[in-house]
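One structure, as structure tokens, below. Some questions next.
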């Protein structure tokens, strides 16, 4: 679930499977096919250190704080935004 810092307009994405992966990055695609989450892996690890959420119109959010169940960053206007993992 994508939530803006002010709590407005939450959006839900279903990133259930990886579509590509290499030694430096991976990409997840929303089940609806209208958003991608591209993540860069920290050097020598399997843990991402930065991710970008993009839609058909282009980049939406850059996440520079990446955890197991949440990502924090800023949208194109510099406003704080979080993506939270919601258990199924």
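The values are calculated or read from the model by the stated rules, or taken from the named source; none is laboratory data. All of these numbers come straight from a predicted model, not from anything done at the bench. Positions of Cβ are backbone-derived with ideal geometry, glycine not excepted, and every protein chain shown enters the neighbour counts.
Hey, among 57, 32, 50, which residue is over 14 Å from residue 12 (Cβ atoms), at pLDDT below 90 and either loosely packed, with under 10 Cβ neighbours inside 10 Å or within 13 Å of the chain's Cα centre (by Cα) (or both)?
None of the others qualify; the one that does is 57.
Something else now. Would you check which residues across the range 63-85 are buried (at least 16 other Cβ atoms within 10 Å of the Cβ) and under 22 Å from residue 45 (Cβ atoms) and list them?
Scanning the range 63-85 gives 63, 66, 71, 72, 73, 83.
Same structure, new question: Inside the chain, counting only strands (runs of 3 or more DSSP E) that do not spill past its ends, which hold 1 or more residues that are free of Cβ contacts under 8 Å to residues at least 12 places away in the same chain?
Counting at least 1 such residues, we get 18-21, 58-66, 70-75.
Only one of (1) at pLDDT 90 or above; (2) within 18 Å of residue 1 (Cβ to Cβ) fails for residue 40. Which number is that?
For residue 40, the failing item is (2).
Go through (1) modelled with pLDDT under 90; (2) on the phi < 0 side of the Ramachandran plot; (3) surrounded by fewer than 17 Cβ atoms within 10 Å (Cβ to Cβ) for residue 15 and report which single condition fails.
(3)
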